[in-house]
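The values are calculated or read from the model by the stated rules, or taken from the named source; none is laboratory data. Please read these numbers as outputs of a predicted model, since none were measured by experiment. Here the Cβ positions follow ideal geometry from the backbone for every residue, glycine too, while neighbour counts run over all protein chains shown. Surface accessibility is based on the protein's heavy atoms, side chains included, excluding ligands, DNA and RNA. Shrake-Rupley method; radii C 1.70, N 1.55, O 1.52, S 1.80 Å.
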Amino acid sequence: MKNYENVVIFNHPLIRHKIAILRDEKTSMKEFRELIEEITTLMTYEALKDGVPTVQKMMKTPLEVCEQTIVADNAIAIVPILRAGLGMVNGVHVLFPSARVGHIGMYRDEETLEPKEYYCKLPDGIEDKLVLLVDPMLATGGSACDAINLLKKRGCKNIKFMAIIGAPEGISKVAESHPDVQVYVSTLDRQLNENGYILPGLGDAGDRLFGTK
Ligand code: PRP
Ligand code: URA
């Protein structure tokens, strides 16, 4: 895969360790859910190290008054792509408890692998926020690209997309279609299979999170 300026692949040993357990077919639904949250928190910490909207505020310590940097109120929105993206919301909320949450519902047509949108509800004023779009799986990239298009139509200008596992095809598609969107992927997998599943991957993230199969 090409190197893209707008793509960061973390490859952090702590995250890789958690992803290894996530992949294991024997990992329980509870543990799977907890790991997705933990990985998301670690990713958010890394992804936002230079990009958190901040403001200056005067604080009074017991000794003197000083100017401090704090996270701006109401500056971040989390947007999960349903269903599997829902599993990542709490992982961001741990760091930004007051972040508003929007939802974009999409499923992939099993034959064509094209994403179909079935739901969209975004917070008022999202166009002025830093939007963290989240989905654990970036396979063909169709769902992420459509979700980003939808956010842009709503006026969002500052979008970051976080996926836990990415296939080369999906990463290239999002990076090239949306060079203005910063993409963060925890680990790059080998390829897609003939059904559009990531290899080695972890199977169907939504089914493993919600126990639907
Ligand atoms: C999965 C996943 C992504 C999408 C990725 O969702 O959570 O949204 O597939 O595939 P793509 O990159 O090829 O578009 P799915 O369509 O299985 O829906 P679900 O989360 O409701 O199970
Ligand atoms: N969606 C998933 O949940 N898993 C894949 O491997 C590809 C798309």
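Among 122-131, 36-45, what's the highest-first ranking by average C-beta atoms within 10 angstrom per residue? All intermediate terms of the calculation are to be shown ahead of the outcome.
Details: 122-131: 17.3, 36-45: 21.3.
Answer by packing, highest mean first, reads 36-45, 122-131.
By average Cβ neighbour count within 10 Å, what is the ranking of 192-199, 60-67 from highest down?
Values: 192-199: 14.0, 60-67: 7.4.
Result, highest mean Cβ count within 10 Å first: 192-199, 60-67.
On C-alpha positions alone, give me the angle between the axis of helix 142-153 and the longest principal axis of the chain, in degrees, nearest 10.
40
Taking 7 Å along the Cα-to-C-beta vector as the label spot, tell me the Leu14-Lys213 distance in nanometres, rounded to one decimal.
3.2
Only bridges whose two residues both fall in the chain count here: according to DSSP, what percent of them are antiparallel, nearest 5? Write out the running numbers ahead of the final one.
On the way: 15 of 40 bridges.
Restricted to the chain, the bridges split so that about 40 percent are antiparallel.
Could you give the size of the charge dipole of the chain about its Cα centre, using +1 on the Cβ of each K and R and -1 on the Cβ of each D and E, expressed in debye and rounded to the nearest 20? Walk me through the numbers on the way to the answer.
Values: 25 positive and 29 negative charges, 62 e Å.
Computed charge dipole of the chain: roughly 300 debye.
Calculated from DSSP H runs of 4 or more alone, at -39500 (n - 2.57) each and per residue, what is the 222 nm mean residue ellipticity of the chain, nearest 500? Can you show the working numbers first?
Numbers: 6 runs with 66 residues, N = 213.
Mean residue ellipticity, 222 nm, calculated: -9500 deg cm²/dmol.
Once Lys and Arg get +1 and Asp and Glu get -1 on their Cβ, which of Val174, Val65, Ile126 lies farthest toward the positive end of the dipole of the range 7-210?
Result: Val65.
Could you rank Asp24, Asp135 by how accessible they are, 1.4 Å probe, largest area first? Walk me through the numbers before you get to the answer.
Values: Asp24 70, Asp135 20 Å².
I get Asp24, Asp135, largest accessible area first.
Which length gain, in nm to one decimal place, applies between Lys26 and Asp204 when the Cα-Cα distance is subtracted from 0.36 nm times their residue separation? Don't skip to the answer; put the middle values down first.
Details: separation 178, 0.36 × 178 = 64.08 nm, distance 1.38 nm.
Contour length minus the Cα-Cα distance gives 62.7 nm.
Calculate, in nm to one decimal, what Glu110 and Met58 gain on full extension: separation in residues at 0.36 nm each, minus their alpha carbon distance. Intermediate results must be reported in sequence, preceding the final value.
Numbers: separation 52, 0.36 × 52 = 18.72 nm, distance 5.50 nm.
Extending this stretch completely gives an extra 13.2 nm.
Once you have the alpha carbon radius of gyration of the range 1-119, what is it after dividing by 2.2 N^0.38 Å, with N set to its residue count?
Output field value: 1.37.
Run the paramagnetic zone check for Lys2: 7 angstrom along Cα to Cβ, then residues of the range 178-204 with backbone nitrogen under 12 Å.
178-179
Please report, as a whole percent, how much of the solvent-accessible surface of the chain comes from carbon and sulfur atoms (probe radius 1.4 Å). Spell out each step's value before the answer.
Details: 5560 of 11160 Å².
C and S atoms contribute 50 percent here.
Over the Cα atoms of the range 7-210, what Rg and Dmax result, in angstrom?
17.5, 67
Over what distance in Å are the Cα centres of the range 3-43 and the range 123-159 separated?
21
What does DSSP give for the range 46-141 in terms of the percent of beta bridges that are antiparallel, rounded to the nearest 5?
The antiparallel proportion sits near 60 percent.
Kindly express, to the nearest 10 degrees and within the range 0 to 90, the angle between helix 13-23's C-alpha long axis and the longest C-alpha principal axis of the chain.
The helix 13-23 is inclined about 40 degrees to the chain.
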